[in-house]
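The values are calculated or read from the model by the stated rules, or taken from the named source; none is laboratory data. Not measured: the values here are computed from a predicted model. For neighbour counting, all protein chains shown are included, and Cβ atoms are generated from backbone atoms with ideal geometry for every residue, glycine included. Heads up: the accessible areas ignore ligands, DNA and RNA and are worked out on the full protein's heavy atoms, side chains in. Shrake-Rupley method; radii C 1.70, N 1.55, O 1.52, S 1.80 Å.
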Amino acid sequence: MLTRIDPLTYIVDPMRQAVFDHLAVSPQALNVLSPGVTWGGLALPLGLSLAIVAAMGLAMLGIAIAEFRKTE
C-alpha cells in the first residue's frame, strides 16, 4: 500500500518498459519481469506515471525551498 506514494514505483516502470522494448523477450517473461503499475486492476498509462513523478518532484522541491529559506 505504501508503494502507491513512493515516486520510485512510478519511474521504475517506464524505465523497465524502455529497456524491454529493445530486448527480444517472450511475452511470458515480459509479464513476469515488467508487470507494470496498476490501480485497482487498471494499468497506469505511461504519461500519468511520469506526471506523478514530476508532481512529487515539484512538491519535494517546494518543501526543500521552504525549509532552506528559514533562518535559525
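Evaluated against (1) free of Cβ contacts under 8 Å to residues at least 24 places away in the same chain; (2) open to solvent by 80 Å² or more (accessible area, probe 1.4 Å), Ser26 falls short on exactly one condition, (2).
The rows are residues; the columns are (1) part of a helix (DSSP H, G or I); (2) in contact with an Asp or Glu (Cβ under 6 Å, 6 or more places away or on another chain); (3) not aliphatic (A, V, I, L, M).
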position: Val12; (1), (2), (3): yes, no, no
position: Gln17; (1), (2), (3): yes, no, yes
position: Val25; (1), (2), (3): no, no, no
position: Ala51; (1), (2), (3): yes, no, no
position: Ala55; (1), (2), (3): yes, no, no
position: Met60; (1), (2), (3): yes, no, no
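Quick one: in region 29-40, of everything that is open to solvent by less than 50 Å² (accessible area, probe 1.4 Å) and out of contact with any Asp or Glu (no Cβ under 7 Å at 6 or more places or on another chain), which residue is modelled with the highest pLDDT?
Ala29
Scanning region 27-49 for residues that are among the aliphatic types (A, V, I, L, M) and assigned to a helix (DSSP H, G or I) returns Ala29, Leu30, Val32, Leu33, Leu46, Leu48. Among residues of region 43-63 being among the aliphatic types (A, V, I, L, M) and more than 18 Å from Ile5 (Cβ to Cβ), the one that is surrounded by the fewest Cβ atoms within 10 Å (Cβ to Cβ) is Ala43.
Scanning region 10-39 for residues that are out of contact with any Phe, Trp or Tyr (no Cβ under 9 Å at 6 or more places or on another chain) and hydroxyl-bearing (Ser, Thr, Tyr) returns Tyr10, Ser26, Thr38.
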